[in-house]
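The values are calculated or read from the model by the stated rules, or taken from the named source; none is laboratory data. Nothing here was measured: the structure is a model prediction, and the numbers come from that model. Every residue, glycine as well, gets a Cβ built from its backbone with ideal geometry; the counts of neighbours run over all protein chains shown. The area values use the complete protein model at the heavy-atom level, side chains included, leaving out ligands, DNA and RNA. Shrake-Rupley method; radii C 1.70, N 1.55, O 1.52, S 1.80 Å.
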Amino acid sequence: MLRKRDIEIEVITTLPNRYAGFSAEAPAFEQDGNVTIHRVALPAHESGMADQTRAFGAFYRAARQLVRGRQFDGVFATSSRLFTAFLGARIARSLKVPLYLDIRDIFVDTLNDVLPKKVTWAASPVLNQVERYTFNRAGRINLVSEGFADYFRSRYPNTEYRWFTNGIDQEFLNATPSEVRNLGGEGKLSILYAGNIGEGQGLHKIVPLLASELVDKAKFEVIGAGGRLGHLTDACSSAENVTLAPPVSRSELVDAYRRADVLFLHLNDYEAFKKVLPSKIFEYAALGKPILAGVGGYAAEFVREHVSNAEVFEPGDVTGAVAAFERLSLREEPRTDFISRFARVQIMNEMADDIVSFMQDSKRELMRGAQGG
């Protein structure tokens, strides 16, 4: 959406690298009209902290090198991990330009729940300092979840905030049903999860037990990879109704959604995850299928308020999950109101306007300050 404005945009990102066993082709350099894209090659890595640290180090060095000695009017950084936002803050400071952050997770809060206490005790002073540096440097911050509000406003009260949520990508909009269709029939129902398989999702704690409870009614398909795949594989070794598959392309993912009867979502039972709003909700909702969601906090409130034919249960609660499954209506139907409100094109248009307005206002303020000096 930014590219439609009368501005020059330079993007620094990575070559596709999320999973060591799956890669998608993309050029390292691309020029398309007013958009220049640099894609940095990272070393192959799994989902472990050490591997991710090395990968980010490579990206950090490459990004700093790409902007060295050049002029820009502002920096926009989108980050589910704190250190990408930190990189944006460092670049903005070195260039002496305004910074707009798009934040999709509370990194420090999440690590305090996920990592062992000894590790967080040692790392917290450094991480808190990095967070303060990063968010105090930003002139405006977009938060994708209203569940983040208390955390940020209590720590960074002088920052301007925006609330542009995740949205539905065009691939999933193209796959929305146009009419109501009954699901199921002969045989077991197909329950699908597709995405990351990490500590944050906690699939190894819920899928084996839930599959056992529903063995006569449903089969599970899990598509993805991540740091807890081994745990999930071991836990499901004797489950006759669980299939695990590696990550797939976007087009194959849409096909998998279309084949499924029920779409499954789960977050681990950590305090930090009560604040998040998973982007997976938007993908699932677009497909019109029943949704079984093991989420708490703001995500649970959002699903109950905005997503029809979706049932929520407390994370890790197998009994609650079975009861929620039984309450689902086994039909596929368009969620017209949801799609109208959360199509990404509309949200991103509004956000693009906000980014440009912020950069222009900041530039004018800098110019007035220079003239006054």
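The three principal axes of the Cα atoms in the range 44-95 give end-to-end lengths of 36, 20, 13 Å, sorted in falling order. Each listed q (0.27 Å⁻¹) maps to a log10 I(q)/I(0) for the range 196-236, found by the Debye formula over equal Cα scatterers with no solvent: -0.91. Using the alpha carbons alone, the radius of gyration of the range 76-169 stands to its Kirkwood radius in an Rg to Rh ratio of 0.97.
Computed as a quarter of the hull surface, the mean projected area of the alpha carbon convex hull for the range 196-333 stands at 7.6 nm².
Given 4 °C and 1.567 mPa s, how large is the Stokes-Einstein diffusion coefficient of the range 259-373 in µm²/s, with Rh as the Kirkwood radius over Cα pairs?
On the way: Rh = 16.5 Å.
Answer, rounded: 79 µm²/s.
Ligands, DNA and RNA left out, the 1.4 Å accessible surface of the chain is 49% carbon and sulfur atoms.
Looking only at the range 130-170, which residues have a backbone nitrogen under 18 Å from a spot 7 Å from the Cα of E365 in the C-beta direction? Taking a point 7 Å out along Cα→Cβ of E365, the residues of the range 130-170 whose backbone N falls under 18 Å are 133-143, 153, 156-163.
Set against the 2.2 N^0.38 Å expectation for a compact globular protein, the chain has a Cα radius of gyration ratio of 1.04.
M351 sits with roughly 10 Å² accessible to a 1.4 Å probe, with DNA, RNA and ligands left out of the calculation. For the chain, a Gaussian network of Cα nodes joined below 10 Å ranks V126, V215, V11 by mean-square fluctuation, and the top entry is V126.
Accessible surface computed residue by residue for the chain, with neighbouring protein chains in place and a 1.4 Å probe, gives 50 Å² per residue.
Looking at the range 68-176, which trypsin sites (Lys or Arg not before Pro) are in a loop (DSSP not H, G, I, E or B) and have at most 16 other Cβ atoms within 10 Å?
On the way: sites: R68, R70, R81, R90, R93, K96, R104, K117, K118, R132, R137, R140, R153, R155, R162; in loops: R68, R70, R81, K96, R104.
Listed in order of number, the matching sites are R68, R70, R81, K96.
FRET efficiency for the Y156 to A122 pair, using the beta carbon distance and R₀ = 30 Å, is estimated at 0.75.
Of all beta bridges that DSSP places with both ends in the chain, some 15 percent have antiparallel geometry. Computed from Cα positions, the angle between helix 344-372 and the longest principal axis of the chain comes to roughly 20 degrees. Annotation: T336 carries an accessible surface of approximately 90 Å², with a 1.4 Å probe and no ligand, DNA or RNA atoms counted.
Could you tell me the relative contact order of the chain? Use alpha-carbon pairs under 8 Å, at least six residues apart, and round to a whole percent.
Numbers: 638 pairs, mean separation 57.8, N = 373.
Contact order relative to length: 15 percent.
Calculated on C-alpha atoms, the gyration radius of the range 60-122 divided by its Kirkwood radius gives an Rg/Rh of 1.10.
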